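Working notes, beginning with the structure itself.
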Amino acid sequence: MNKKIYDRKPLCSEAKVANFMIKKNISNFNKLSDIANSLNLVPETLSRIITTFKKESIIECKNAKLEILNIYALILIVETNSSIRELKRKNK
(Lines give C-alpha, C1' and ligand atoms only; values in the text may rest on other atoms or scores of the structure.)
Protein backbone atom coordinates (compact mmCIF):
# COMPACT_ATOMS: atom_id res chain seq x y z
CA MET A 1 0.00 0.00 0.00
CA ASN A 2 1.50 3.33 -1.08
CA LYS A 3 0.18 6.20 1.00
CA LYS A 4 1.34 9.75 0.54
CA ILE A 5 1.85 11.61 3.77
CA TYR A 6 1.66 15.36 3.53
CA ASP A 7 3.64 17.17 6.15
CA ARG A 8 1.70 20.40 6.49
CA LYS A 9 2.95 23.12 8.76
CA PRO A 10 0.42 24.11 11.46
CA LEU A 11 -1.45 27.31 10.70
CA CYS A 12 -0.22 30.55 12.21
CA SER A 13 -2.64 32.40 14.51
CA GLU A 14 -3.99 34.74 11.82
CA ALA A 15 -4.47 31.83 9.41
CA LYS A 16 -6.33 29.87 12.12
CA VAL A 17 -8.73 32.77 12.66
CA ALA A 18 -9.16 33.40 8.92
CA ASN A 19 -9.84 29.71 8.31
CA PHE A 20 -12.39 29.67 11.14
CA MET A 21 -14.16 32.73 9.72
CA ILE A 22 -14.34 31.15 6.26
CA LYS A 23 -15.43 27.68 7.34
CA LYS A 24 -17.81 28.58 10.15
CA ASN A 25 -19.30 31.58 8.32
CA ILE A 26 -19.21 33.26 11.70
CA SER A 27 -21.29 36.36 12.14
CA ASN A 28 -21.77 36.57 15.90
CA PHE A 29 -18.76 37.09 18.15
CA ASN A 30 -20.48 37.06 21.54
CA LYS A 31 -18.18 34.43 23.05
CA LEU A 32 -14.62 35.34 22.10
CA SER A 33 -13.21 33.09 24.82
CA ASP A 34 -15.04 30.04 23.40
CA ILE A 35 -13.80 30.76 19.89
CA ALA A 36 -10.27 31.41 21.16
CA ASN A 37 -10.28 28.14 23.09
CA SER A 38 -11.47 26.18 20.05
CA LEU A 39 -8.57 27.67 18.04
CA ASN A 40 -6.08 27.08 20.86
CA LEU A 41 -5.47 30.82 21.22
CA VAL A 42 -5.74 33.16 24.19
CA PRO A 43 -8.65 35.63 23.90
CA GLU A 44 -6.23 38.58 23.73
CA THR A 45 -4.59 37.13 20.61
CA LEU A 46 -7.96 36.58 18.96
CA SER A 47 -8.97 40.14 19.82
CA ARG A 48 -5.72 41.51 18.37
CA ILE A 49 -6.21 39.56 15.13
CA ILE A 50 -9.81 40.76 14.80
CA THR A 51 -8.59 44.34 15.31
CA THR A 52 -5.95 43.83 12.62
CA PHE A 53 -8.52 42.43 10.20
CA LYS A 54 -10.79 45.41 10.90
CA LYS A 55 -7.95 47.92 10.30
CA GLU A 56 -7.17 46.22 7.00
CA SER A 57 -10.87 46.35 5.98
CA ILE A 58 -11.08 42.57 5.77
CA ILE A 59 -13.95 42.41 8.25
CA GLU A 60 -16.33 44.83 9.89
CA CYS A 61 -17.81 44.49 13.37
CA LYS A 62 -20.96 46.31 14.40
CA ASN A 63 -23.18 45.51 17.37
CA ALA A 64 -21.36 42.21 18.05
CA LYS A 65 -21.99 41.13 14.45
CA LEU A 66 -19.15 40.34 12.08
CA GLU A 67 -19.29 40.87 8.33
CA ILE A 68 -16.60 39.60 5.99
CA LEU A 69 -15.73 42.39 3.56
CA ASN A 70 -12.84 40.70 1.76
CA ILE A 71 -13.11 36.90 1.64
CA TYR A 72 -10.18 36.77 -0.79
CA ALA A 73 -7.85 38.29 1.80
CA LEU A 74 -8.92 35.63 4.31
CA ILE A 75 -8.34 32.89 1.74
CA LEU A 76 -4.89 34.30 0.92
CA ILE A 77 -3.95 34.34 4.61
CA VAL A 78 -4.95 30.68 4.95
CA GLU A 79 -3.41 29.48 1.68
CA THR A 80 -0.08 31.17 2.34
CA ASN A 81 -0.22 30.52 6.10
CA SER A 82 0.96 34.10 6.56
CA SER A 83 0.09 37.06 8.72
CA ILE A 84 -0.98 40.40 7.28
CA ARG A 85 2.45 41.79 8.17
CA GLU A 86 4.22 38.98 6.28
CA LEU A 87 2.01 39.43 3.22
CA LYS A 88 2.71 43.18 3.16
CA ARG A 89 6.45 42.52 3.47
CA LYS A 90 6.34 40.04 0.54
CA ASN A 91 4.53 42.58 -1.66
CA LYS A 92 7.12 45.35 -1.19
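The values are calculated or read from the model by the stated rules, or taken from the named source; none is laboratory data. Just so it is clear, the model here is predicted, and its values are computed rather than measured. Neighbour counts run over all protein chains shown; Cβ positions are idealised from the backbone, glycine included.
For region 69-92, the tally of residues that are β-branched (Val, Ile, Thr), in contact with a helix residue (DSSP H, G or I) (Cβ under 6 Å, 6 or more places away or on another chain) and at pLDDT 90 or above stands at 2. Confirm whether residue 2 is surrounded by fewer than 17 Cβ atoms within 10 Å (Cβ to Cβ), modelled with pLDDT of 85 or more and of a type in the set (S, T, N, Q). When the stated conditions are applied, residue 2 does not pass them. Only residues that are hydroxyl-bearing (Ser, Thr, Tyr), part of a helix (DSSP H, G or I) and in contact (Cβ under 8 Å) with a residue 12 or more places away in the chain were counted in region 38-79, giving 4. On the stretch given as region 42-60, residues that are touching a helix residue (DSSP H, G or I) at 6+ places or on another chain (Cβ under 8 Å) and either surrounded by 14 or more Cβ atoms within 10 Å (Cβ to Cβ) or closer than 10 Å to residue 18 by Cβ (or both) total 11. Restricting attention to region 62-92, the residues that are surrounded by 14 or more Cβ atoms within 10 Å (Cβ to Cβ) and either closer than 20 Å to residue 39 by Cα or aromatic (Phe, Trp, Tyr) (or both) total 11.
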